[in-house]
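Reading through the structure tokens given below for one structure.
The values are calculated or read from the model by the stated rules, or taken from the named source; none is laboratory data. A quick note: this is a predicted structure, and the numbers were derived from the prediction, not measured. So basically every Cβ, Gly included, is an ideal-geometry build from the backbone, and we count neighbours across all protein chains shown.
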């Protein structure tokens, strides 16, 4: 038996393709659902954030040949171990890029024009105009940190709204074009009114936006994160909002996600504290559109077969 574990929502066409290749499919939500028979027979894994494939887990799969990651973040897979064992791994960053870019744009426009907050006021019987005057995006300078698939997709969306887009990427150069100006991180800190993070989570980016970063910003600014929660320390966001250094935030991801239900029910819930300010929070859905599932599945199929 050649078994493929599915720990991610994939398209029906992807499932059919796997079946046509002779694989037996077994769906799981957590590693605890995998029996010893499954460990022994598994040759492929399709995963998302649900299944963390560290060395201790991977070593239990003696027949494993490949891992397909629905999404872009490879921090959930021990790629060093995979390289040593000859296990192939694939990701699908193109599949989510447009969805994340659209979601980011929606959050930015909603924040600047007070759309969610004013709608909530109306729900509570309040018709308030003057404090809800919007800020036009074309008047602001946007700094994108991380110019990969999602960062570049966002730049294209932003170019319709503002002529002033800067981008910094530690691992890329010579990507500037008629849409975006390639700059240093210091230039973004000096000039940006909005900062949007589009970087993977690794040792370089853990708490990337920390107290030192906050204090080094020359302007009071809007903070956007649709990449990984641990890139930004929630306590630093709260501090920035309290000081007025952060004028507002759009957060699709939070560092508290691993135990989010416990956090939401806690007495000192940091998310409730965030929402007392000019902040929009969504439940890690930026790359979770119906179309993104299809696109990511197609991208992985093209790599696998």
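Odds and ends about this structure:
- Selection of helices (runs of 4 or more DSSP H) fully inside the range 238-305 by the criterion of at least 2 residues being out of contact with any strand residue (DSSP E or B) (no Cβ under 9 Å at 6 or more places or on another chain), crowded, with 17+ Cβ neighbours inside 10 Å and not assigned by TED's automatic domain parsing to the domain that holds residue 227 returns 290-304.
- Any hit, the range 151-164, residues being over 24 Å from the mean Cα position of the chain (by Cα), modelled with pLDDT under 95, farther than 22 Å from residue 201 by Cα and in the same structural domain as residue 219 (by TED's automatic domain parsing): yes
- Here residue 144 fulfils each of the conditions (1) under 23 Å from the mean Cα position of the chain (by Cα); (2) closer than 18 Å to residue 224 by Cβ; (3) not in a strand (DSSP E or B) apart from (3).
- Any hit, the range 138-145, residues being touching a strand residue (DSSP E or B) at 6+ places or on another chain (Cβ under 8 Å), buried (at least 19 other Cβ atoms within 10 Å of the Cβ) and at positive phi: no
- Whichever residue in the range 10-50 is in a loop (DSSP other than H, G, I, E, B) and in contact with a helix residue (DSSP H, G or I) (Cβ under 6 Å, 6 or more places away or on another chain) and, among such residues, is surrounded by the fewest Cβ atoms within 10 Å (Cβ to Cβ): 11
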